[in-house]
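**Student:** Can you keep this structure in mind? I'll have questions shortly.
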Amino acid sequence: MIQGPASRTTFHVLQPAIWPEAGISTEIMPYMTPRGPCVSSLGRGGVTFAPGGTLSVDGYFNLFNLGKWRDCCGDIPLSLRLRGEGRLHVTVWLARHDKSWDRILSEPVTLLGEMTLPLDLSEAQAPQMVLFFEITALSDGKLEDFAWGTPLPPRQLPELMLSVTTFRREAAVADTVARFRRFRAASPLRDHLRMLVVDNGQSLALEPGDGVSFLPNANLGGAGGFSRGLLEARASGATHCLFMDDDASVHMEAITRTWTLLAYATDPRTAVAGAMINADHRWQIWENGAVFNGGCRPLFHGTDLRDREKVFRMEFDTTGPMPEGHYAGWWYFAFPVDQARHMPFPFFVRGDDVSFSLANDFRCVSLPGVASFQESFTDKAAPLTWYLDLRSHLAHHLSLPQKQASWGRMMRMVVNFYLRTVLRFHYDSLSAVNLAIEDVLRGPQFFDAHADMATRRQDLKAMTVTEAWQKLDPQKPVPTIRHGKLSRWQRALLLLTLNGHLLPLANRFGTDLVIEAAHRENHREIYGARQITYLNAARTSGYTVTRDRRRFWRESLRLARNCLALRRQLPQLRAEWQGNYAGLTSEEFWKAKLAVATGGT
């Protein structure tokens, strides 16, 4: 039996433990799997055991992806550090893709504080491997903390600046700043971590200090806010910048994991892309990376983090080079400042993170547990988002040589937007789709002139008539859910008529449906409708749309004219967009746009 007090072996933490945390997530299974007499503590972390209690530390937040670390950092020795007390049996498992798992350590230990267990990884040669460990209690005891680490010192010491952009979300920012300050004060990395809050709303009244500074900024959206953050990172000597949301719904230990991978990485282009977890279902991946290819497609959408097999498969599949067209969301993205050849494009919001990833030659890596919990997008879709999405999609294809597309390919994308709006009677959104194409036809200088989106935001607000969420009367019962249930052949026939739009007198026929926002993209449930009421996730707000053949024909013909104009002007537009992209993503452009003096503030 291995026993003894705290080990004096040099130990550099690579991956600290992440515990369930109030305000972030109190789910257990995405972190670890307790069985028998063992109880985890929510407030301070840790697990208390009685004899026979077992803890498998095999969840998404705490398994160690050995394949990724070796791919990014080379073959470094590895140890597992435990802190606690009691007699425990510790087993460390090596799980490989499509192969039997191996026990690389299986020993009884007596914990008397802190203990470091070196791991023999000489037989671990597969490219896709993860490590996890199990503890079985042989007596009463507790596990207070654990970490994966190495005796080797870091290759470099990154200076990491967290850049947070906010617009009038004072309470969320105050909470984020307080959490970061507590974390930084206790972190051995404190001298290499700081936060800059770029205040686009110019409404914060927080005091700087303790590694946090605040900067009032013109409201040019996320693109302007993060551009200001990147300019400040460069001016202040930061080696890496971490773009993150103002509510910072991440475990702060994710920042340690990010810094550490960057400290050991052999490729100076290495960047860390955080996953997104659905805040409504905190066991579900919304996306773990995404690709742009004629549209934005989230990767691993819906993965159940309570299912170990699915988590392991996701980690195996994300080891190695990212797929073509991969991009990182700005809810959490850490990158080397000197590798950012292009600043963000002035999209205001939506598409700026896609363009930034595709235009710069980063080597993106995702890490277990490095993730942000975000509210579901299902309630957020509106004419404004349809406008922003399509115009950025078209701009990517026109401005980025590696995403250059033919008119026919772009039309397939436009038709997808068209069908998703018209089949559901979303004529406000279809009008926004038309406006998006018209603005792209105006060329990249339109984006320069309208970087604040003030005029377009008002235009889109004015055109949002039928799709505006309205509060439901709390004194009345919530409308009963009623989805369409037509057979496949009936749906196929109705698709040929664009859900009745091409049928004479169609406005007089059909059923009245009531559908939750989560099902807005499920077209199978809206065929045969005459009127559709959509309810938000909380069922406190809704809106109703009705088939309107007059609006359908007006917007459809407008779309046809816009598509033909795009075809006529495509060579000229492509040359104009590609010729101006570098200028609109330069430091000089953003310094002038944001009125920032050369050399920073």
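**Student:** So which residues in region 30-39 are assigned to a strand (DSSP E or B) and open to solvent by 50 Å² or more (accessible area, probe 1.4 Å)?
**Tutor:** 34, 35, 39 - these are the residues of region 30-39 that are assigned to a strand (DSSP E or B) and open to solvent by 50 Å² or more (accessible area, probe 1.4 Å).
**Student:** Does region 42-72 hold any residues that are at negative phi and more than 28 Å from the chain's Cα centre (by Cα), and which are they?
**Tutor:** Matches in region 42-72: 47, 48, 49, 50, 51, 53, 54, 55.
**Student:** Can you name the residue in region 252-284 that is of a type in the set (Gly, Ala, Ser) and part of a strand (DSSP E or B) and is also farthest from residue 356 (Cα to Cα) among such residues?
**Tutor:** So the residue we want is 275.
Every residue, every condition in (1) at positive phi; (2) within 29 Å of the chain's Cα centre (by Cα); (3) open to solvent by 70 Å² or more (accessible area, probe 1.4 Å); (4) of a type in the set (Phe, Trp, Tyr), yes or no:
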| site | (1), (2), (3), (4) |
| --- | --- |
| 410 | no, yes, no, no |
| 427 | no, no, no, yes |
| 444 | no, yes, no, no |
| 463 | no, no, no, no |
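**Student:** OK, next. For region 109-119, give me each residue that is open to solvent by less than 100 Å² (accessible area, probe 1.4 Å) and either under 30 Å from residue 98 (Cβ atoms) or not polar (S, T, N, Q) (or both).
**Tutor:** 109, 111, 113, 114, 115, 117, 118, 119
**Student:** Among what's in region 47-76 and is hydroxyl-bearing (Ser, Thr, Tyr) and closer than 23 Å to residue 87 by Cβ, pick the residue that is most open to solvent (accessible area, probe 1.4 Å).
**Tutor:** If we take residues in region 47-76 being hydroxyl-bearing (Ser, Thr, Tyr) and closer than 23 Å to residue 87 by Cβ, then 48 is most open to solvent (accessible area, probe 1.4 Å).
**Student:** How about region 24-45: which of its residues are at pLDDT 90 or above and closer than 24 Å to residue 188 by Cα?
**Tutor:** Once the filter is applied, which keeps residues that are at pLDDT 90 or above and closer than 24 Å to residue 188 by Cα, region 24-45 yields 24, 31.
**Student:** Among the residues of region 67-81, are any within 26 Å of residue 284 (Cβ to Cβ) and out of contact with any helix residue (DSSP H, G or I) (no Cβ under 9 Å at 6 or more places or on another chain)?
**Tutor:** no
**Student:** Output the number of residues of region 308-321 satisfying the condition of being touching a Lys or Arg at 6+ places or on another chain (Cβ under 8 Å) and aliphatic (A, V, I, L, M).
**Tutor:** Going through region 308-321 one residue at a time, the tally reaches 0.
**Student:** Next up: Looking at (1) more than 20 Å from residue 552 (Cα to Cα); (2) surrounded by fewer than 18 Cβ atoms within 10 Å (Cβ to Cβ); (3) modelled with pLDDT of 90 or more, can you tell me which one residue 451 breaks?
**Tutor:** (2)
**Student:** Another question about this same structure. Considering (1) charged (D, E, K, R); (2) in contact with an Asp or Glu (Cβ under 6 Å, 6 or more places away or on another chain); (3) assigned to a loop (DSSP other than H, G, I, E, B), say which one residue 476 fails and leave the rest.
**Tutor:** (2) is the only condition that residue 476 fails.
**Student:** For residue 187, indicate whether it is among the small types (Gly, Ala, Ser) and without any contact (Cβ under 8 Å) to a residue 24 or more places away in the chain.
**Tutor:** Against the criterion (among the small types (Gly, Ala, Ser) and without any contact (Cβ under 8 Å) to a residue 24 or more places away in the chain), residue 187 does not qualify.
**Student:** Something else: Would you be able to say whether some residue in region 10-22 is over 30 Å from residue 176 (Cβ atoms), in contact (Cβ under 8 Å) with a residue 24 or more places away in the chain and among the small types (Gly, Ala, Ser)?
**Tutor:** no
**Student:** So for region 56-71 (the condition being part of a strand (DSSP E or B) and over 25 Å from residue 300 (Cβ atoms)), does at least one residue qualify?
**Tutor:** No, region 56-71 contains no residue that is part of a strand (DSSP E or B) and over 25 Å from residue 300 (Cβ atoms).
**Student:** Applying the selection to region 263-275, what residues are in contact with a strand residue (DSSP E or B) (Cβ under 8 Å, 6 or more places away or on another chain) and either surrounded by fewer than 23 Cβ atoms within 10 Å (Cβ to Cβ) or of a type in the set (Ser, Thr, Tyr) (or both)?
**Tutor:** Listed by number, the residues that qualify are 264, 267, 268, 269, 270.
**Student:** Part of a helix (DSSP H, G or I) and open to solvent by 10 Å² or more (accessible area, probe 1.4 Å): which single residue out of 172, 205 fits that description?
**Tutor:** From the options 172, 205, the qualifying one is 172.
Quick grid of which residues meet (1) touching a helix residue (DSSP H, G or I) at 6+ places or on another chain (Cβ under 6 Å); (2) assigned to a helix (DSSP H, G or I); (3) over 25 Å from residue 375 (Cβ atoms):
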residue	(1), (2), (3)
286	no, no, no
291	no, no, no
302	no, no, no
312	no, yes, yes
334	yes, no, no
347	yes, no, no
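**Student:** Among the residues of region 245-264 satisfying the criterion of being out of contact with any helix residue (DSSP H, G or I) (no Cβ under 7 Å at 6 or more places or on another chain) and modelled with pLDDT under 95, which is farthest from residue 61 (Cα to Cα)?
**Tutor:** Applying the filter and picking the extreme gives 245.
**Student:** Given (1) out of contact with any His (no Cβ under 7 Å at 6 or more places or on another chain); (2) in contact (Cβ under 8 Å) with a residue 60 or more places away in the chain; (3) outside any helix (DSSP H, G or I), where does residue 465 come up short, assuming only one miss?
**Tutor:** Result: residue 465 fails condition (2) only.
Results for (1) within 13 Å of residue 242 (Cα to Cα); (2) open to solvent by 20 Å² or more (accessible area, probe 1.4 Å), shown as yes or no for each residue.
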position: 337; (1), (2): yes, no
position: 340; (1), (2): yes, no
position: 345; (1), (2): no, no
position: 349; (1), (2): no, yes
position: 358; (1), (2): no, yes
position: 365; (1), (2): no, no
position: 370; (1), (2): yes, no
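**Student:** Between residues in region 572-601 that are modelled with pLDDT under 95 and surrounded by fewer than 17 Cβ atoms within 10 Å (Cβ to Cβ) and residues that are in a helix (DSSP H, G or I) and aliphatic (A, V, I, L, M), which pairs lie under 8 Å by C-beta distance while being six or more apart or on different chains?
**Tutor:** 599/235; 600/231; 600/235; 601/235
**Student:** Let me ask another. I'm trying to understand the selection: among the residues of region 212-237, which are under 14 Å from residue 159 (Cα atoms) and open to solvent by 10 Å² or more (accessible area, probe 1.4 Å)?
**Tutor:** Listed by number, the residues that qualify are 232, 234, 235, 236, 237.
**Student:** Quick one: how many residues across region 126-141 are open to solvent by 40 Å² or more (accessible area, probe 1.4 Å) and over 33 Å from the mean Cα position of the chain (by Cα)? Before the answer, list the steps.
**Tutor:** Going through region 126-141, the residues open to solvent by 40 Å² or more (accessible area, probe 1.4 Å) turn out to be 127-128, 134, 136, 138, 140.
Narrowing the set further to residues that are over 33 Å from the mean Cα position of the chain (by Cα) leaves 136, 138, 140.
Within region 126-141, residues that are open to solvent by 40 Å² or more (accessible area, probe 1.4 Å) and over 33 Å from the mean Cα position of the chain (by Cα) number 3.
**Student:** Only one of these is modelled with pLDDT under 95 and open to solvent by 20 Å² or more (accessible area, probe 1.4 Å): 551, 508. Name it. Steps first, answer last, please.
**Tutor:** On the way: 551 fails: modelled with pLDDT under 95.
508 is the lone residue from the list that is modelled with pLDDT under 95 and open to solvent by 20 Å² or more (accessible area, probe 1.4 Å).
**Student:** Please verify whether region 86-97 includes one or more residues that are modelled with pLDDT under 95 and open to solvent by 20 Å² or more (accessible area, probe 1.4 Å).
**Tutor:** yes
**Student:** Can you spot a residue in region 317-326 that is of a type outside the set (Asp, Glu) and closer than 30 Å to residue 26 by Cα?
**Tutor:** Within region 317-326, one or more residues are of a type outside the set (Asp, Glu) and closer than 30 Å to residue 26 by Cα.
**Student:** Here is a follow-up. Count, please, the residues in region 410-462 that happen to be of a type in the set (Gly, Ala, Ser) and touching a residue at least 60 places away in the same chain (Cβ under 8 Å).
**Tutor:** Residues flagged as of a type in the set (Gly, Ala, Ser) and touching a residue at least 60 places away in the same chain (Cβ under 8 Å) within region 410-462 amount to 3.
**Student:** Go over the candidates 144, 123 one by one and state the one that is in contact with an Asp or Glu (Cβ under 9 Å, 6 or more places away or on another chain), outside any strand (DSSP E or B) and surrounded by fewer than 21 Cβ atoms within 10 Å (Cβ to Cβ).
**Tutor:** Just a single option satisfies the conditions, and that option is 123.
The values are calculated or read from the model by the stated rules, or taken from the named source; none is laboratory data. These numbers were taken from a predicted model, which means no experiment stands behind them. Every residue, glycine as well, gets a Cβ built from its backbone with ideal geometry; the counts of neighbours run over all protein chains shown. When the accessible area is computed, the model is the full protein with side chains, heavy atoms only, and any ligands, DNA or RNA have been set aside. Shrake-Rupley method; radii C 1.70, N 1.55, O 1.52, S 1.80 Å.
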